[in-house]
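The values are calculated or read from the model by the stated rules, or taken from the named source; none is laboratory data. This is a predicted model, so every value here is computed, not measured. FYI the Cβ positions are ideal-geometry reconstructions off the backbone, even for glycines, and counts take in every protein chain you see.
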Amino acid sequence: METAPKPGSDVPPKKDKLQTKRKKPRRYWEEETVPTTDGASPGPPCNKKNRGPQRPKNAHILKKSRISKKPQVPKKPREWKNPESQRSLSGAQDPFPGPAPVPVEVVQKFCRIDKSRKLPRSKAKTRSRLEVAEAEEEETSIKAARSELLLAEEPGFLEGEDGEDTAKICQADIVEAVDIASAAKHFDLNLRQFGPYRLNYSRTGRHLAFGGRRGHVAALDWVTKKLMCEINVMEAVRDIRFLHSEALLAVAQNRWLHIYDNQGIELHCIRRCDRVTRLEFLPFHFLLATASETGFLTYLDVSVGKIVAALNARAGRLDVMSQNPYNAVIHLGHSNGTVSLWSPAMKEPLAKILCHRGGVRAVAVDSTGTYMATSGLDHQLKIFDLRGTYQPLSTRTLPHGAGHLAFSQRGLLVAGMGDVVNIWAGQGKASPPSLEQPYLTHRLSGPVHGLQFCPFEDVLGVGHSGGITSMLVPGAGEPNFDGLESNPYRSRKQRQEWEVKALLEKVPAELICLDPRALAEVDVISLEQGKKERIERLGYDPEAKAPFQPKPKQKGRSSTASLVKRKRKVMDEEHRDKVRQSLQQQQQQQKEAKAKSTGARPSALDRFVR
Amino acid sequence: MKVKMLSRNPDNYVRDTKLDLQRVPRNYDPTLHPFEVPREYVRALNATKLERVFAKPFLASLDGHRDGVNCLAKHPKNLATVLSGACDGEVRIWNLTQRNCIRTIQAHEGFVRGICTRFCGTSFFTVGDDKTVKQWKMDGPGYGEEEEPLHTILGKTVYTGIDHHWKEAVFATCGQQVDIWDEQRTNPICSMTWGFDSISSVKFNPVETFLLGSCASDRNIVLYDMRQATPLKKVILDMRTNTICWNPMEAFIFTAANEDYNLYTFDMRALDTPVMVHMDHVSAVLDVDYSPTGKEFVSASFDKSIRIFPVDKSRSREVYHTKRMQHVICVKWTSDSKYIMCGSDEMNIRLWKANASEKLGVLTSREKAAKDYNQKLKEKFQHYPHIKRIARHRHLPKSIYSQIQEQRIMKEARRRKEVNRIKHSKPGSVPIVSEKKKHVVAVVK
């Protein structure tokens, strides 16, 4: 597959020649480097990873340092001239000369600098430093892209035969088709007594906690099915959430918020969070966000046990909440159809989006923080763009409307509607799910009450009135986890060490804002303010250009008159420049004004505008 | 129907035996590592705090002198050997690894004014108040031999400083005039003078080895070329310069320690404006020495502290003081650029780390990697107000602290007056003189 000749090359005549001239056995790559052909590309075979049908063909090939889209044509003649140069000592030729190619899209994924933005005007020293930093950054992104080759696992997928609708494939078929280990991930827990259930997976995807409305709380290692604890709290359970590790469990009970450990021992009862309906845990900030019936959004710092902020949403009872995993902003859905975005640093919402006519029933945000899915009482399911525009990208009316929504790590969207769950898939990880055709559907034994995709597994957990169902959804989970971030196979020691590290780098709550990279940007406003204050304090601008002082020339040539003349010349030139610039600016402004005036219809009242 | 489920073999992710290392697969996908900027910021903050926690620069105090230490010299070939001359004419040679004195010589009557080693490290020269220049062997006398100098030159006037050429058997002394001596002769090969005041220090340029610089008490710094009979040029400053030191990496650059609490870094090609004015001391600066990297220098001051300045910054990056350290008279940066030595009035030589929080000894590769990572983070986030505040915080003795406050008020008053003067006079009639130009009186060629 790797040696597949390019469509442009003339392969057949080459083969003829080969057969007629000599029948020496050849290596598979030498076919392309025969000097008689002129159209064949001597470039190295494309990326080895380019195998699976779901991976995009990488047409662009990366050169040594810069990502260029040019084909490597100009390199070719040199190779013909001295093929000896590429030969090693033993005489063998390097079939893959140069650095390994890297596809452009992969590099883009790791790129952190916006190349389209120009560097600011600055001193030469700063500028050169910035340039060096940019080059370094590019190098790192290429290296990171290259290291993708080492990823061990491929994502799962489900494809129908031609014409077959994947939504018609039922769980039993999938279970039958997959291996035993995967089939074991599909199970039903029949718990009709205490339902309906809410559930939550831990961040590593290894542990599952669920709580039934009638007080049943349990936590288990769902892969080995080992029960960690099972208790009845003798009170209604509204929501359940793992804290930073599987050792701690927050349960929103009828009156107060309780925290249990993995033995089921109650550690804390937090009376300042009362009548909590929904819980969200922000793992990097160690904040537990609680939305309550009283209309308060409360942030509890679980590392020190203090309430960081209690924000009054002023929108009545709160029971729709989700977090944006990209920037830790909390999204609250309200009964007037708006979704508001909250950060603990602000008393007011960061943004309010009118999403539905009628109340919002469910909100979910995908892992890249780009898309938000909402469903409302108007039976609509909408996907919003969160990159500044907050406009709906796609809308679909569902027969019953979705009561619960969730995104998977790879961008699959699940909606729970009555006792049915529908899953929609997009083109890839960074694209929104297309709502045209569901990817999978499943009917449960009771109405859905909680949904979550298991991280790093192709599994969807559904809590309903009949218990818990673990569904198989191929292609849902991220195949390759990072061992230092969240490792499903970590030992106790590793978990302890990770916990210390995570606590050391706990991000302060004040840093939560819409753009998490904003911290790395230059604060231009305060910089300019500081400059202004400095000028005021000093009484002059220390960075202003000094007035031109002509240098004395040879003996006799720098009379006072000539010096003054030279000075005057430079000053005049500067003055002319200034005038030219201001004229240009004026013209530009006039042009803009004209364009504006033609755009809007002239009104009779315009004559009074000064 | 084609279906593939994500199914991992746990054997690929869990170590086989307890003796193995844990397996840690990595995936550098940015979506798996959210909040990278805030997390790096927190890491940088922690690293900065730890740096302040581990900042313990004081290593040792070498005591033994019976009078104030007046001059210090490094051994050119041996990192562990240091020479010091005291105000009672005693010269001691120290071993830094054992932190003891290995040899004591009663070299002069009165002060030892200057001490310098020969470039080969076999002998050293001292000058003293008794108008003599003496050359001594670096090794001690054999059994039964007496402690005697190799050569003694009797001069006519008091010598106040000495420096040896970096490559040839030539040395220079200063006093009433700058004398250049051949080691084999008892008369100077050349005597140069410009003005009539006593010259306090003379230094050879380590790169352009024929160049010398000297500073005199008539407020000037004079540059000489050994190959010429007359001095090159001089610059006159506001106040007296105590010592100068050449940058070992950049041949043109030297730094002058001035009486007016400042240090001035000059480019010898353009003496009319210093490249940088280094301000932070609150009393006269007595000595200065460059790090072998040429990026930083250390200065000793009458205000009982030593400070480390980057060459291109006007403020110091570090200040060292102890309760017992009195006026610091001489300071040296060791040749491995890791330590600083200072000799002070109260008869002690103190050894400091050049980087206050540096861990001494051999680092494991993980320690080294962590150190490098933290260093880069600190550098990346150094301008953030929280981090800057922590990184800049230094404890100062009360006397220095109050003097800084006082001088700040004085400076502010002077500046305010100047601003008012500019504001209330005809525009352009009162020139704005920058801080750099303020202190240079004249340049004479």
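Out of (1) at pLDDT below 95; (2) over 24 Å from A:S434 (Cα atoms), the odd one out for A:T370 is which?
Of the numbered conditions (1) at pLDDT below 95; (2) over 24 Å from A:S434 (Cα atoms), the odd one out for A:T370 is (2).
Residues checked against (1) loosely packed, with under 15 Cβ neighbours inside 10 Å; (2) modelled with pLDDT of 95 or more; (3) among the hydrophobic types (A, V, I, L, M, F, W, C):
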| site | (1), (2), (3) |
| --- | --- |
| B:H33 | yes, no, no |
| B:Y41 | no, yes, no |
| B:L45 | no, yes, yes |
| B:T48 | no, yes, no |
| B:V69 | no, yes, yes |
| B:V82 | no, yes, yes |
| B:T97 | yes, no, no |
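Which residues, taken from the range B:36-64, are closer than 30 Å to B:L83 by Cβ and in a helix (DSSP H, G or I)?
Once the filter is applied, which keeps residues that are closer than 30 Å to B:L83 by Cβ and in a helix (DSSP H, G or I), the range B:36-64 yields nothing.
When you look at A:K567, is it at pLDDT 90 or above, away from every other protein chain (no Cβ under 12 Å), farther than 30 Å from A:L287 by Cβ and surrounded by 13 or more Cβ atoms within 10 Å (Cβ to Cβ), yes or no?
Considered against the rule, which asks whether it is at pLDDT 90 or above, away from every other protein chain (no Cβ under 12 Å), farther than 30 Å from A:L287 by Cβ and surrounded by 13 or more Cβ atoms within 10 Å (Cβ to Cβ), A:K567 comes out as no.
Specify which of the listed residues (B:S283, B:S301, B:S305) is surrounded by 24 or more Cβ atoms within 10 Å (Cβ to Cβ) and in contact with a Lys or Arg (Cβ under 9 Å, 6 or more places away or on another chain).
None of the others qualify; the one that does is B:S301.
Would you mind finding the one in A:L381, A:L444, A:L412 that is surrounded by 23 or more Cβ atoms within 10 Å (Cβ to Cβ) and free of Cβ contacts under 8 Å to residues at least 60 places away in the same chain?
A:L381
Somewhere in the range A:419-429, is a residue in contact with an Asp or Glu (Cβ under 9 Å, 6 or more places away or on another chain) and more than 24 Å from A:I169 (Cβ to Cβ)?
Checking the range A:419-429: not a single residue is in contact with an Asp or Glu (Cβ under 9 Å, 6 or more places away or on another chain) and more than 24 Å from A:I169 (Cβ to Cβ).
Among the residues of the range B:1-35, which ones are part of a helix (DSSP H, G or I) and facing chain A (nearest Cβ under 8 Å)?
B:P10, B:N12, B:P30, B:T31, B:L32
Going by what's in this entry, would A:F608 be described as exposed (fewer than 10 other Cβ atoms within 10 Å of the Cβ), over 30 Å from B:H33 (Cα atoms) and aromatic (F, W, Y)?
yes
Results for (1) touching a Ser or Thr at 6+ places or on another chain (Cβ under 9 Å); (2) among the basic types (K, R), shown as yes or no for each residue.
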| position | (1), (2) |
| --- | --- |
| B:K134 | yes, yes |
| B:D139 | yes, no |
| B:E146 | no, no |
| B:H151 | yes, no |
| B:R185 | no, yes |
| B:C190 | no, no |
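Six or more apart or on different chains, Cβ atoms under 6 Å: show the pairs whose first residue is in the range A:306-334 and within 14 Å of chain B (Cβ to nearest Cβ) and over 24 Å from A:L519 (Cα atoms) and whose second is assigned to a strand (DSSP E or B) and among the basic types (K, R).
Final answer for the pair search is none.
State the number of residues belonging to the range A:237-260 that are of a type in the set (D, E) and at pLDDT below 95.
1
Quick one: is B:V133 within 23 Å of the chain's Cα centre (by Cα), more than 30 Å from B:P385 (Cα to Cα) and of a type outside the set (G, A, S)?
No.
Does A:R495 qualify as being more than 7 Å from every other protein chain (Cβ to nearest Cβ), closer than 30 Å to A:D188 by Cα and either part of a helix (DSSP H, G or I) or without any contact (Cβ under 8 Å) to a residue 40 or more places away in the chain (or both)?
Criteria met by A:R495.
Among all residue pairs at least 6 apart or on different chains, which show Cβ distances below 7 Å where the first residue, located in the range A:117-137, is surrounded by fewer than 11 Cβ atoms within 10 Å (Cβ to Cβ) and the second is part of a helix (DSSP H, G or I)?
Listed by first residue and then by second, the contacts come to A:L119/A:R127; A:L119/A:L130.
Of B:L72, B:L50, B:L45, which residue is in contact (Cβ under 8 Å) with a residue 60 or more places away in the chain and either within 30 Å of B:C330 (Cα to Cα) or among the polar types (S, T, N, Q) (or both)?
B:L72
Condition check ((1) within 12 Å of chain A (Cβ to nearest Cβ); (2) touching a helix residue (DSSP H, G or I) at 6+ places or on another chain (Cβ under 7 Å); (3) not in a strand (DSSP E or B)) across all residues:
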site	(1), (2), (3)
B:Q403	no, no, yes
B:R408	no, no, yes
B:E412	yes, no, yes
B:R415	yes, no, yes
B:N420	yes, no, yes
B:P427	yes, no, yes
B:P431	yes, no, yes
B:K437	yes, no, yes
B:V441	no, no, no
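Sort through A:A177, A:A183 and tell me the only one that's in contact with a helix residue (DSSP H, G or I) (Cβ under 8 Å, 6 or more places away or on another chain) and either within 12 Å of chain B (Cβ to nearest Cβ) or at pLDDT below 95 (or both).
Result of the check over A:A177, A:A183: A:A183.
Taking only pairs six or more apart or across chains, which ones have beta-carbon atoms under 6 Å, a first residue in the range A:533-548 that is at the interface with chain B (Cβ under 8 Å from one of its Cβ atoms), and a second residue that is modelled with pLDDT of 80 or more and in a loop (DSSP other than H, G, I, E, B)?
A:Y540/B:I432
If you go through the range B:31-84, how many residues are polar (S, T, N, Q) and touching a strand residue (DSSP E or B) at 6+ places or on another chain (Cβ under 8 Å)?
4
Go through the range A:437-480 and give me each residue that's more than 19 Å from A:S202 (Cβ to Cβ) and within 13 Å of chain B (Cβ to nearest Cβ).
Of everything in the range A:437-480, those that are more than 19 Å from A:S202 (Cβ to Cβ) and within 13 Å of chain B (Cβ to nearest Cβ) turn out to be A:Y439, A:L440, A:L472, A:P474, A:G475.
Given the options A:E592, A:E543, name the one that is surrounded by fewer than 10 Cβ atoms within 10 Å (Cβ to Cβ) and either touching a strand residue (DSSP E or B) at 6+ places or on another chain (Cβ under 6 Å) or not basic (K, R) (or both).
After ruling out the rest, the residue left standing is A:E543.
Please pick out the residue among A:S394, A:S431, A:S486 that is hydroxyl-bearing (S, T, Y), in contact (Cβ under 8 Å) with a residue 40 or more places away in the chain and over 30 Å from A:E505 (Cβ atoms).
Within the list A:S394, A:S431, A:S486, the selection yields A:S394.
What are the residues in the range A:271-287 that are part of a strand (DSSP E or B) and either modelled with pLDDT of 95 or more or surrounded by fewer than 20 Cβ atoms within 10 Å (Cβ to Cβ) (or both), if any?
A:R271, A:R272, A:D274, A:V276, A:T277, A:R278, A:L279, A:E280, A:F281, A:L282, A:L287, listed by residue number.
Quick one: count up the residues across the range A:103-150 that are in a helix (DSSP H, G or I) and closer than 20 Å to B:H33 by Cβ.
22
A quick yes/no check of all residues on (1) at pLDDT 90 or above; (2) within 11 Å of chain B (Cβ to nearest Cβ); (3) over 27 Å from the mean Cα position of the chain (by Cα); (4) farther than 30 Å from B:N12 by Cα:
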residue: A:E154; (1), (2), (3), (4): yes, yes, no, no
residue: A:I169; (1), (2), (3), (4): yes, yes, yes, yes
residue: A:Y197; (1), (2), (3), (4): yes, no, yes, yes
residue: A:T204; (1), (2), (3), (4): yes, no, no, no
residue: A:L208; (1), (2), (3), (4): yes, no, no, no
residue: A:E235; (1), (2), (3), (4): yes, no, yes, yes
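Identify, please: which residue in the range A:446-462 is in a strand (DSSP E or B) and of a type in the set (A, V, I, L, M, F, W, C) and is, among those, farthest from A:D239 (Cα to Cα)?
A:V459
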